[in-house]
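For reference, the structure is listed below as structure tokens.
Where a number appears in this text, it was derived from the coordinates with a stated rule and is not lab data. Keep in mind the model is a prediction, meaning the values are calculated, not measured. Positions of Cβ are generated from backbone atoms using ideal geometry, with glycine treated the same way; all protein chains shown enter the neighbour counts.
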Amino acid sequence: MSAPPPPRTRLSGERLGLGAVGVFVMAPGQARTIAAAAAAAGGVARTGEVSYDESSRSFLESLLRRGRIELDASSPEARRRHENRWARKTHELRPTNGDAELLRVAFDCHGFD
């Protein structure tokens with residue numbers, strides 16, 4: 001029995017400077033809780049679960065900040081804000097029915113290529 005595919009999350013591209021498109025991102029396989037050591041006596045405190053939307057948005061923002069997404073010429077504002085020509089491109093935004101889908105195109109093995 002195979003595991004179900006991870007959920008896809010649609011994020012607003014407008015907030016990220018990608019224009020008025022939605023960006024589909026594969027959400028992490030399962031939501032996680034974060035364990036944190038308490039400052040006072042009493043053991044370990046648990047924070048709330050991070051939602052699929054939050055973790056997907058954080059991942060997409062991180063890729064954009066580090067210049068890891070190949071941005072096409074159709075979005076000059078996004079290229080101006082996020083382009084880093086020296087960063088290895090590991091993802092691309094592929095047009096899909098008026099929106100875009102984030103796809104991994106390469107792995108960065110830190111100098112092993």
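Brief remarks on what is shown
- Judged by the mean number of other Cβ atoms found within 10 Å, the most tightly packed of the peptides 91-100, 63-72 leads the ranking 63-72, 91-100.
- Point-to-point label distance, residue 70-residue 94, nm (Cα→Cβ direction, 7 Å offset): 1.1 nm
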